[in-house]
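Please treat every number below as a calculation from the coordinates, not as lab data. The model shown is predicted, which means the values in this text are computed figures rather than measured ones. Ideal geometry is used to build each Cβ from the backbone, glycine not excepted, and the neighbour counts take in all protein chains shown.
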Amino acid sequence: MNTKNLDLIFTQYRLRFHELNEQSSFKPDEGSKWRAVSSFHKNWNSDAEDFAAMFAAAMEALLPLFETGMHKPVSGLKELMKKTDEAEFVRLQFRDLFRKSSVADLDERMEAIRAFREAVNIHIANCVAEPQKYQQTDADVLNYLAVYDPSHNYLYRKEAADLFAQAAEFGEYFCAGRLPLRGYYKMCDMILEEVWNYPLILKDHQGRVAAMQNGFEDDLHLLAYDILTCAYKYDFYSNIRISYTFVNDWMKRAETMQLLESKINDLKNKLQQSTAHMNDVCDCSLPDLTGIEVNHKSYGAGSVISCTDDRVKVHFPTSDKVFRFPDALLNGFLKPADPAVLEGFKAFEHATRVRPMLQLEIDDIREQLTEAEQKFKAFA
């Protein structure tokens, strides 16, 4: 972590605090974030009789946080809810999403985000004109969570977070090909730890909260988002040296971790399948032949008297005969009257043959899995 660059960012934020939060009819102020989230909590009611109208009122002040000229996720949901029965669908999707707003496992939270995105985007694609403009992203859905439960989540803007992570050299943020939820939350937690070294920021922020925040608690989470978005929006980085070598190294690391993670998941699936196959093989037992009717081409029909590990004794009308077991059955010298008996022997013979190969396969997968997990742990 580059503490020098962090200090430059925090210092500029402190010096420009009053300028950026001064309310004016000429330009939006940064305090609008707190007023917008307050408006959301004032209006949000998932049990509202008219969910579409409630949603529009709750999200109205948040539109600048969510929408750009070509990307309008909130408007997309509003358009979708104009269709018959779709408002109830959207209501249920938000209920399912918000149930996961504070679960400790961030992977579970991420799964809820993806489930919402996938389900809603299917409906938007089927029901709304120009669906590409209204499609939800993981970042959009994360921001719904952050507005609903800001004390457990952080608002996210990719460009601002990327640049802050580069300047702060916060390597854990970088993540190949997906929303870096875990790394981003760690970075925001770090921002809140650092801000305690700047009591004037906290003092000014307390005044802002008293004037603009109403109806929700956020444990300073909006402040962390405000710091990194102001740094991006007002170019706090103009006099900051950013090491792109550091960034490239961490991106390569992230790509390696992603490949290892994919390999680990594949190996776990293979191990599960091979273990299940081995369990099936081990459950395959040798049928009990005692009393089974058999036929021999020379001795005719007979019945099995006894069967040991390598011999089977059969009583025929003329005499008792002993045969090698299970060869006599597998080679067709003895034919059970019941075809299922022979199938049972074939299954047992197959199990006996493949069991050692399966065990070698399982041992090899476990060895590869251990090696991959150790490499992943070394990178983490």
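Taking amide H positions as modeled 1.01 Å from N, with prolines and chain starts lacking one, the residues under 5 Å from S306 and 5 or more places away or on another chain are K313.
Note on K346: lysines with a C-alpha under 19 Å away, same-chain residues under 8 apart excluded, are K335. FRET efficiency for the A56 to R99 pair, using the beta carbon distance and R₀ = 30 Å, is estimated at 0.85. Positive-end ranking of S238, L181, P326 along the dipole of the chain, with charges on Cβ about the Cα centre, is headed by S238.
A simple rule links phi to the HN-Hα coupling: the Karplus curve 6.51 cos²θ - 1.76 cosθ + 1.60 with θ = phi - 60°, which for region 265-280 gives 5, 5, 5, 5, 5, 5, 5, 5, 5, 5, 5, 5, 4, 4, 4, 5 Hz, with x for Gly and Pro.
Each of V281, V74 was scored by other Cβ atoms within 10 Å of its Cβ. Listed from fewest to most, they are V281, V74. Across every pair of non-identical alpha carbons in region 26-131, the mean reciprocal distance, once inverted, gives a Kirkwood radius of 14.9 Å. The packing ranking of peptides 9-16, 233-240, highest mean first, is 9-16, 233-240, where packing means the average number of other beta carbon atoms within 10 angstrom of each residue.
Residue order for E194, E293, fewest other beta carbons within 10 angstrom first, comes to E293, E194. Each Lys and Arg contributes +1 and each Asp and Glu -1, all at the Cβ; summed about the Cα centre of the chain, the dipole is approximately 500 debye. The stretch between A301 and N214, if pulled fully straight at 0.36 nm per residue, gains 22.0 nm over its current Cα-Cα span.
When the Gaussian network model of the chain links Cα atoms closer than 10 Å, the mean-square fluctuations of K268, K27, K100 top out at K27.
As an exercise, use a Förster radius of 45 Å and the Cβ-Cβ distance of D327 and K268 to find the FRET efficiency, rounded to the nearest 0.05.
Values: r = 40 Å, r/R0 = 0.90.
Once the sixth-power term is evaluated, E becomes 0.65.
In what order do V314, V247, V304 fall by count of nearby beta-carbon atoms within 10 Å, going from fewest to most?
Details: V314 25, V247 17, V304 21.
Neighbour counts put them in this order, fewest first: V247, V304, V314.
What the Kirkwood sum gives for the chain is a hydrodynamic radius of 26.3 Å, with every pair of different alpha carbons counted. Can you tell me which of T68, T84, T318 moves the most in a GNM of the chain? Springs connect C-alpha atoms under 10 Å apart. Result: T318 has the largest fluctuation of those listed.
Take the Cα of D320, step 7 Å toward its Cβ, do the same at K186, and the gap between the two points is 7.5 nm.
Estimated purely from DSSP H runs of n ≥ 4, each contributing -39500 (n - 2.57), the mean residue ellipticity at 222 nm for the chain is -20500 deg cm²/dmol once divided by its residues. With a simple spin-label model that places each label point 7 Å from the Cα along the Cα-to-Cβ direction, the separation between T370 and E118 comes to 3.4 nm.
From the cross-link list K83/K158; K133/K263; K78/K186; K158/K203; K158/K263; K270/K375, which pairs have alpha carbons spaced over 25 Å apart?
On the way: K83/K158 32 Å; K133/K263 35 Å; K78/K186 33 Å; K158/K203 28 Å; K158/K263 27 Å; K270/K375 19 Å.
In this structure, K83/K158; K133/K263; K78/K186; K158/K203; K158/K263 lie more than 25 Å apart at Cα.
A Förster distance of 45 Å, applied to the separation of the beta-carbon atoms of K42 and S243, puts the FRET efficiency at 0.50.
Note: relative contact order over region 1-152, using C-alpha pairs below 8 Å and six or more positions apart, is 20 percent. Label W196 and K83 with points 7 Å out from Cα along Cα→Cβ: what is the distance between them in nm? Those two pseudo-labels are separated by 5.0 nm.
Between the helical axis of 3-15 and the longest alpha-carbon principal axis of the chain there is an angle of about 40 degrees. Within the listed set G69, G171, G215, the residue fluctuating most in the Gaussian network model of the chain (springs between alpha-carbon atoms under 10 angstrom) is G69.
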